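Q: Sharing a structure below in structure tokens format, with a few things to ask.
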Amino acid sequence: MPRTAAALIIGNEILSGKIVDTNTTFLARTLFELGIDLRRVVVCPDEVDTIAADLSALRTTYDLVFTSGGVGPTHDDVTIDGVAASFGRPVVRSEAVEKMIRHYYGDRATEAHFRMANMPEGGEMIRSSEAPWPTVVVENVFVLPGVPEIFELKLADLRKRLD
């Protein structure tokens, strides 16, 4: 039986129609090529409690879950908090990613940038070949950005792990 997957697409901009979601199509094609059956796609707003509830339902039902969106430096990027809440874990800061941010932004680095070094306790950071920041993985959940170009780079880097 093929492995199953779900996608949790996060963002008020998707729900309002301001942005067209192309990540789901790219994910579906990639998973199909890998023989993984994408069974459900859920779109939710930038709300920690909603992300946590939706993710809890998906991660306990499907073998793999991919999130898209809400991992940048802006005030509405709350996906990491929602993932942590779903697993009942605190949010911790990765010193390695913090160093990457310092190197990348230099003196322009702000606390908002450093929020991108946060992850749920016990999560794993996977460094990708071309994308600027690592991918967070917690058990069967892969936390990906919403920017299509970076989403596609990160998913391409995960192919070997998923195959």
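Q: If I fit a long axis through the Cα atoms of helix 23-33 and take the longest principal axis of the Cα atoms of the chain, what angle between them do I get, 0 to 90°, rounded to 10?
A: 50 degrees
Q: Go through (1) 50, 32, 32; (2) 44, 32, 28; (3) 93, 27, 24 and flag the label whose value is the computed Cα extents along the principal axes in Å for this structure.
A: The value matching this structure is (1).
Q: How large is the charge dipole for the chain, taken about the Cα centre, if only the Cβ atoms of Lys, Arg (+1) and Asp, Glu (-1) carry charge, to the nearest 20 debye?
A: The dipole of the chain has a size of about 380 debye.
Q: For an R0 of 30 angstrom, estimate the FRET efficiency from the Cβ-Cβ distance between GLU149 and GLU98 and round to the nearest 0.05. The partial results should precede the final answer.
A: On the way: r = 24 Å, r/R0 = 0.80.
With R0 = 30 Å, the Cβ-Cβ based efficiency is 0.80.
Q: While we're here: Give me the number: length gained by fully extending ALA57 to MET125, i.e. 0.36 nm times residue separation minus the C-alpha to C-alpha distance, one decimal in nm. Walk me through the intermediate numbers first.
A: Values: separation 68, 0.36 × 68 = 24.48 nm, distance 2.32 nm.
Result: 22.2 nm gained on full extension.
Q: Now, a different point. Using DSSP, restrict attention to beta bridges with both residues in region 4-161 and report what percent are antiparallel, rounded to the nearest 5.
A: Numbers: 9 of 25 bridges.
That works out to approximately 35 percent antiparallel.
Coordinate-derived values only; no laboratory data. It should be emphasised that the depicted structure is a prediction, and the values quoted were computed from it without experimental measurement. Heads up, the Cβs are rebuilt from the backbone with ideal geometry, glycines too, and the neighbour counts pull from every protein chain shown.
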